[in-house]
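K.L.:
Questions regarding the structure given below will be posed in turn.
The values are calculated or read from the model by the stated rules, or taken from the named source; none is laboratory data. Please read all numbers here as calculations on a predicted model, not as lab measurements. Using ideal geometry, Cβ is built from the backbone for each residue, glycine included, and neighbour counts are taken over all protein chains shown.
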Amino acid sequence: MTDIYDVIIASVGAAGVIATAYFGRTKVKERQQKQKEAEHERDQYKNEIAFKRASLSFEEFLTNWADISQDIDSLMLSTNVDRFLLLRAWNGLLEPKYTTAFYQIRQGNQKPVSYVHYELDDDYVQKLRHISKANRIYLEVDKMPDSGIKRIYDAENVKFSYWIHLKSEGIPGTESKSITYCSFATHSEHGIEIDARTRCDVISSRMKEFF
């Protein structure tokens with residue numbers, strides 16, 4: 001009988017050791033996962049700072065692009081285009097996560113709106129994927145699905161927008177990637193006509209030289 005008790009006690013003791021080891025390993029894995037996530041957040045922060053510095057450097061360089069600025073002004077005077085934005089989206093891994101409008105030209109009484117570190121939803125990411133491959137996309141706001149960018153356009157009363165890809169680049173030694181693009185938009189119900197979009201293409205081609 002004593003032997004049976006000894007076996008039972010030994011079994012219970014072994015089970016306790018196994019349980020302790022199991023939960024110990026689980027806690028170690030949880031700590032490792034949290035540490036990995038914290039390191040990833042720090043890397044994303046460093047990458048964002050690097051991209052912002054690049055944006056600031058480009059902003060300083062914009063003072064030298066008088067000819068392109070004049071072309072945009074001429075475009076706005078002779079077509080329905082009344083808003084122009086230069087934007088850069090960046091990410092921490094493989095997909096864009098945030099975007100910042102670092103240069104804006106707005107016609108008339110439009111109030112400047114600050115789009116800094118704007119978090120992207122799936123719809124916006126899909127649009128960036130599209131222009132990365134097809135170079136451009138023409139958007140009719142009324143036909144767009146409910147999304148972050150549609151709500152912004154509705155709030156600003158934008159009716160049509162024409163996005164053009166300018167450059168994609170990565171930070172050496174990381175998985176981070178930036179996408180620089182521009183947006184020509186209009187508040188007119190008549191949209192941006194094909195001839196005007198062709199002029200947008202020409203202006204964008206000149207901007208690509210800066211990158």
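K.L.:
Do we have ARG151 as within 12 Å of the chain's Cα centre (by Cα), outside any loop (DSSP other than H, G, I, E, B), free of Cβ contacts under 8 Å to residues at least 40 places away in the same chain and loosely packed, with under 15 Cβ neighbours inside 10 Å here?
P.N.:
Considered against the rule, which asks whether it is within 12 Å of the chain's Cα centre (by Cα), outside any loop (DSSP other than H, G, I, E, B), free of Cβ contacts under 8 Å to residues at least 40 places away in the same chain and loosely packed, with under 15 Cβ neighbours inside 10 Å, ARG151 comes out as no.
K.L.:
Across the stretch 119-144, which residue is farthest from PHE210 (Cα to Cα) among those that are surrounded by 15 or more Cβ atoms within 10 Å (Cβ to Cβ) and without any contact (Cβ under 8 Å) to a residue 24 or more places away in the chain?
P.N.:
Restricting to residues being surrounded by 15 or more Cβ atoms within 10 Å (Cβ to Cβ) and without any contact (Cβ under 8 Å) to a residue 24 or more places away in the chain, the top hit is MET144.
K.L.:
Would you be able to tell me the number of residues in the stretch 64-103 that are of a type in the set (A, V, I, L, M) and crowded, with 17+ Cβ neighbours inside 10 Å?
P.N.:
The total comes to 9.
K.L.:
Based on what the data block shows, is LEU128 in contact with a Ser or Thr (Cβ under 9 Å, 6 or more places away or on another chain) and part of a strand (DSSP E or B)?
P.N.:
Taking the combined requirement at face value, the residue does not satisfy it.
Yes or no, residue by residue, for (1) touching a helix residue (DSSP H, G or I) at 6+ places or on another chain (Cβ under 6 Å); (2) over 24 Å from LEU75 (Cβ atoms); (3) buried (at least 16 other Cβ atoms within 10 Å of the Cβ):
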residue	(1), (2), (3)
ILE105	yes, no, yes
VAL116	no, yes, no
ASP146	no, yes, no
SER183	no, no, yes
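K.L.:
Out of the residues in the stretch 56-90 that are of a type outside the set (Gly, Ala, Ser) and assigned to a strand (DSSP E or B), state the one that is modelled with the lowest pLDDT.
P.N.:
TRP90
K.L.:
Which one is farthest from ILE72 (Cα to Cα) among residues in the stretch 91-103 that are assigned to a strand (DSSP E or B) and touching a helix residue (DSSP H, G or I) at 6+ places or on another chain (Cβ under 8 Å)?
P.N.:
Among those residues, the one meeting the criterion is TYR98.
K.L.:
Could you say whether any residue in the stretch 158-170 is over 16 Å from LEU86 (Cβ atoms), surrounded by 14 or more Cβ atoms within 10 Å (Cβ to Cβ) and modelled with pLDDT under 95?
P.N.:
Among the residues of the stretch 158-170, not one is over 16 Å from LEU86 (Cβ atoms), surrounded by 14 or more Cβ atoms within 10 Å (Cβ to Cβ) and modelled with pLDDT under 95, which makes the answer no.
K.L.:
Would you tally the residues in the stretch 104-125 being assigned to a loop (DSSP other than H, G, I, E, B) and aromatic (Phe, Trp, Tyr)?
P.N.:
1
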